[in-house]
Structure formats: structure tokens, C-alpha cells
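What follows is one structure encoded as C-alpha cells, with my remarks underneath.
Computed from the coordinates by the stated procedures, all read-outs in this text should not be read as laboratory data. Not measured: the values here are computed from a predicted model. We place every Cβ from the backbone using ideal geometry, glycine too, and count neighbours over all the protein chains shown.
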Amino acid sequence: MKIIHCNNYEEMSAAAANLVCDAIKEKPDLVLGLATGSTPEGMYAELCRKYKDGKVDFSKVTTVNLDEYCGLPADHPQSYLTFMKQNLFDHVNLNPAKTFLPNGNTEDHDAEAAQYEKMVEALGFADVQILGVGRNGHIGFNEPAEALFTKTHMTALTKDTVRANSRFFASVDEVPKHAITMGVGTIMAAKHIVLLASGEGKRAAIATLLGGMIDTICPVTLLQLHPNVTLICDDSAWPRRRSAEA
Ligand code: F6R
């Protein structure tokens, strides 16, 4: 695993945006896997800035998002589609016909998940997959469990994740309790995984990731089995040594 230990959130965001731009320069028709949440917001802002400055061209890029809430209309302010439009899609020259998220607002979530998996597979999976990590170690919405799904599926969010995500909603009751997410196999099929981590809340998950063991109770640890992972971590998320004195 390649590790880029940054001083702060801004450096982390710039490093991630540079990596994405270099990948697009090398392969203009890149399949770019995207994440939502607070962590990549700075990277998206940086990518929009770079596009405005003429430093990157998204016209041939295809994007595939990791996940989407179930039961929210696509134009709901907290849907992941809305997030992506506000943070990236509406500001760069991506072709709207080539930006994909699961449709969580459907009767048949299993059929939607299967169709999404097929679509990502047909694209050859992501060339570069951006990931955040939950405080509990989840990736996408693959929550800690004794066994993990390999493919895209509908899943229940843990109470911890619902609580963490309630900061975006008026109340915890409004947070959807289910989502459609890529499975760990879908994620691991990406050619290059770029994991971003910022904030003290992520320290435990990063420490477990770097601890050398694999445990489905901390799904991010599976990334140790991937041959091409870059962890871009800011200092606040970087694990501390325990101090010697009590
Ligand atoms: C979002 C996603 C989640 C987030 C994770 C961290 O698409 O798949 O796994 O990456 O919950 O969220 P933030 O960045 O808000 O701490």
C-alpha cells in the first residue's frame, strides 16, 4: 500500500485531485469510481477548480458511484445524486450519459443492484476508485459483519452510520435506513483504489487497516489484499502511538 501522509485536509484534497487529473491525462476515457460524504468534498472542489483553469478534461470520462440511499427521490437534497451534481457534475464537462449511480428510488432494489453490478462489470470496473471510510471501517455501505457481500446489493445501514449521516438531515428519523452499494468484490475489482481519510473519527479504522490483519468486522482491512491501493490520509486521521506514561 502506498501511503501519502498529509499535514491537513487541504493537502489531502489537493493530493487526491492531482492523482485523479494525472490518471485522466494518462487515460482520457477513464472509468472513475466516486464516493460521497464529507471526506471527498475538498477533492471535488479542487477538481472543479482545475477544470475551470483548463487543467483537466472530463469529456471522455465515465463515473460510477459507490452507493445511493434507498427511498429518496433522485432530486432530494440529500440524495447522493444531488450531492454529486452540487459537488462535481454541474461544474465540469462530464457527459451526463456517462455518470452512473444506483437508483435507490425503485420498487425492486435487488433487480436494480444486479443491473448496476452488470453495468460496472461491462465497463471493466473502475480504473480508479475513490473511497472514504466510515468510523466503523465501512467502505461503500459494506458495514461491519461476519460475512460481506461481494457484489452490488441492498443493505441496512448500522445505527452508527445512520447517526453519523444524520448531520445532513433535519432529524435522525429522516435518514434512510437502507442503501444500494457496490459490494467489496466490486470495489476490489478496481484497478487502483484511492482511500481518503480525514479526522480523528477515522483514526481507529486506519489503525486497524495498517495493523496487518483482515477482519470483516472492519471492512476497510480487506484493502490489504489489493495490489494497488493509495491511502491519502491527513494528520488528524493518522494513528497515534499510545504514550508510554499512564
Ligand atoms: C459514501 C460512502 C461512505 C463514506 C463514509 C465516510 O459514498 O460510500 O462509505 O465514504 O461513510 O463518510 P464521510 O466522508 O462523510 O466521513
statement: With R₀ set to 22 angstrom, the calculated FRET efficiency between the beta-carbons of Asp57 and His5, to the nearest 0.05, is 0.15
task: Step through the residues of region 158-166 one at a time and calculate ³J(HN,Hα) from phi using the Karplus curve (6.51 cos²θ - 1.76 cosθ + 1.60, θ = phi - 60°), rounding each to whole Hz and writing x for Gly and Pro.
output: 6, 4, 4, 5, 4, 5, 4, 7, 5
- request: Grab the DSSP H runs of the chain that are 4 residues or longer, score each as -39,500 (n - 2.57), total them, divide by all residues and round the 222 nm result to the nearest 500 deg cm²/dmol.
  value: -8500 deg cm²/dmol
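Using Cα pairs closer than 8 Å and at least 6 residues apart in sequence, work out the relative contact order for region 88-246, in percent. The partial results should precede the final answer.
Details: 250 pairs, mean separation 40.4, N = 159.
Relative contact order, region 88-246: 25 percent.
Calculate, in nm to one decimal, what Ala170 and Ile217 gain on full extension: separation in residues at 0.36 nm each, minus their alpha carbon distance.
Residue separation times 0.36 nm, minus the Cα-Cα distance, leaves 13.9 nm.
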task: Quick one: what are the phi-derived ³J(HN,Hα) couplings along region 30-35, Karplus 6.51/-1.76/1.60 with θ = phi - 60°, whole Hz, x for glycine and proline?
output: 4, 9, 10, x, 10, 10
field: 5 angstrom amide H check on Gly71, placed H, neighbours 5+ away
entry: Asn105, Thr106
- prompt: Most mobile of Asn87, Asn95, Asn142 per a Gaussian network model of the chain (Cα springs, under 10 Å)?
  reply: Asn95
- prompt: Which residue fluctuates the most in the chain, going by a Gaussian network model with Cα springs under 10 Å, if the choices are Met84, Met213, Met12?
  reply: Met213
- line: Whole-Å distance linking the alpha carbon centroid of region 117-148 with that of region 178-213 is 8
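Tell me the GluC sites (Glu not before Pro) within region 59-131 that lie in a loop according to DSSP and have at most 15 other beta-carbon atoms within 10 Å.
Working: sites: Glu68, Glu107, Glu112, Glu117, Glu121; in loops: Glu107.
Answer in residue order: Glu107.
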message: Considering all projection directions equally, how large on average is the shadow of the alpha-carbon convex hull of the chain, in square nanometres?
response: 13.7
- line: Residues whose modelled amide H sits under 5 Å from the amide H of Leu34, counting only those 5 or more places away in sequence or on another chain, are Val64, Asn65, Leu66, Ile130
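Roughly what % antiparallel, to the nearest 5, for the DSSP beta bridges in region 1-151? Can you show the working numbers first?
Working: 1 of 9 bridges.
Once the DSSP bridges in region 1-151 are tallied, antiparallel ones form about 10 percent.
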- prompt: What is the order of Ser198, Ser59, Ser236, fewest Cβ neighbours within 10 Å to most?
  reply: Ser59, Ser236, Ser198
- line: Here region 205-216 yields Karplus 3J(HN,Hα) values (6.51, -1.76, 1.60; θ = phi - 60°; whole Hz; Gly and Pro given as x) of 5, 5, 4, 5, 4, 7, x, x, 10, 10, 8, 5
